[in-house]
């Protein structure tokens, strides 16, 4: 099971992996830069501190011995520095600073231009590295006292440069933007392939994918177009076969009808003729099923509300007894979709007609996009009939399937109506489902792309 933090889309996953890798590289680069910058800042701080220590010592050693206490009392010291004249070195409570601190001060003494005879005769240094506290004691050359200078060295600051945070932020933003752009370019063919597959599912005659781009994309596009061509050929062959069989059966059915007129037994002649009529209806439905499978009707902007109103009006023409049982359950909104008007009218008329025949009426509810689904328009067709067994709710969509309750010549039909209706609706990118209502009745739910 994938972690809920792991992105679901390929683009997001690719971007996350790339950003994680680039982030690791940047973190390593930043660490190297930080170490170099810290070493550089430490050297600069040590040099600056050494020069300040020597400057303080020079100010005191160049002062007359009798005025040195006054000089120390009124000296303007840098922040964090303290100076005192002591009879001996004051570094006993600190750890020995080693040669580094003494080397720093001695180097600064060499750089500071004042006479050699004023240089300290002895030097001792100590440090508390945890608190970054240091003390340097230097013996004055012309008296017995020592100059003790205590100071704190601030830690190196990585962000002391005002341009560093700006540069680092710009680098992160640029990396994110370029990564996002690159990932979208890389995954665009996948989105195009998914859109083409969706279009092929709605319309088997959808235009082919362009066979260009990188080698892998071209190969996938060629394979997809080859698959689509085979599917189209299969559908066409099936349609031609159904049409040919249905067309060839019409001639013998007509001959049998003519010959049935010579049957002297009236009852037998009526039964024989009824069987031929049913067979002819099945052939006509088969031809209609083939035509719908190979339909080339273009998609147009269609007022679905007006189309449903027309179908309902036609359903009650000549049947005033069911006027109150057929219509809209609620005031319908105005909904416009792209559809094949003749095919869609046939599918919806079939569903409404079934509701009237088997349920005694048809109440239609139209739901615009955003009410039940963000992408789909929903049409609900309700009746008050006996409904269907749960096992038959999906089986009735199979061609030539009729449930037991409708196996009669008057109402049973051919068993192709729902198969044709679903074929049409799925060709529009939607679907039809059936469900039983409480306490009785059946609901046909039609979804269509908005």
Within the stretch 182-192, is there a residue that is more than 27 Å from residue 344 (Cβ to Cβ) and surrounded by fewer than 13 Cβ atoms within 10 Å (Cβ to Cβ)? yes
Could you pull out the residue among 218, 250, 233, 291 that is closer than 30 Å to residue 380 by Cα and either at pLDDT 80 or above or outside any loop (DSSP other than H, G, I, E, B) (or both)? 291
Among the listed residues 35, 22, 16, identify the single one that is free of Cβ contacts under 8 Å to residues at least 60 places away in the same chain, outside any loop (DSSP other than H, G, I, E, B) and surrounded by 14 or more Cβ atoms within 10 Å (Cβ to Cβ). 16
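Residue-by-condition table, conditions (1) touching a strand residue (DSSP E or B) at 6+ places or on another chain (Cβ under 8 Å); (2) outside the structural domain of residue 132 (by TED's automatic domain parsing); (3) modelled with pLDDT under 80:
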site: 64; (1), (2), (3): no, no, no
site: 85; (1), (2), (3): yes, no, no
site: 101; (1), (2), (3): yes, no, yes
site: 104; (1), (2), (3): no, no, yes
Considering only residues that are loosely packed, with under 11 Cβ neighbours inside 10 Å and not in a helix (DSSP H, G or I), look in the stretch 303-329 and name the one that is farthest from the chain's Cα centre (by Cα). 318
Which pairs do you get when a residue that is closer than 20 Å to residue 422 by Cβ, found in the stretch 191-203, comes within reach of a residue that is part of a helix (DSSP H, G or I) and modelled with pLDDT under 85, reach meaning Cβ atoms under 7 angstrom, with the pair 6+ apart or on two chains? 202/427; 203/427
State the number of residues belonging to the stretch 115-134 that are surrounded by 11 or more Cβ atoms within 10 Å (Cβ to Cβ), out of contact with any strand residue (DSSP E or B) (no Cβ under 6 Å at 6 or more places or on another chain), modelled with pLDDT under 80 and not in a strand (DSSP E or B). 1
Name, by its number, the condition in (1) modelled with pLDDT of 85 or more; (2) under 30 Å from residue 37 (Cα atoms); (3) in contact with a strand residue (DSSP E or B) (Cβ under 8 Å, 6 or more places away or on another chain) that does not hold for residue 137. (2)
Looking at (1) at positive phi; (2) out of contact with any strand residue (DSSP E or B) (no Cβ under 8 Å at 6 or more places or on another chain); (3) surrounded by 15 or more Cβ atoms within 10 Å (Cβ to Cβ), find the lone condition where residue 370 falls short. (3)
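The values are calculated or read from the model by the stated rules, or taken from the named source; none is laboratory data. Note that the structure is predicted; figures quoted are calculated from it, not measured. Backbone-built Cβ (ideal geometry, glycine too); neighbour counts: all protein chains shown.
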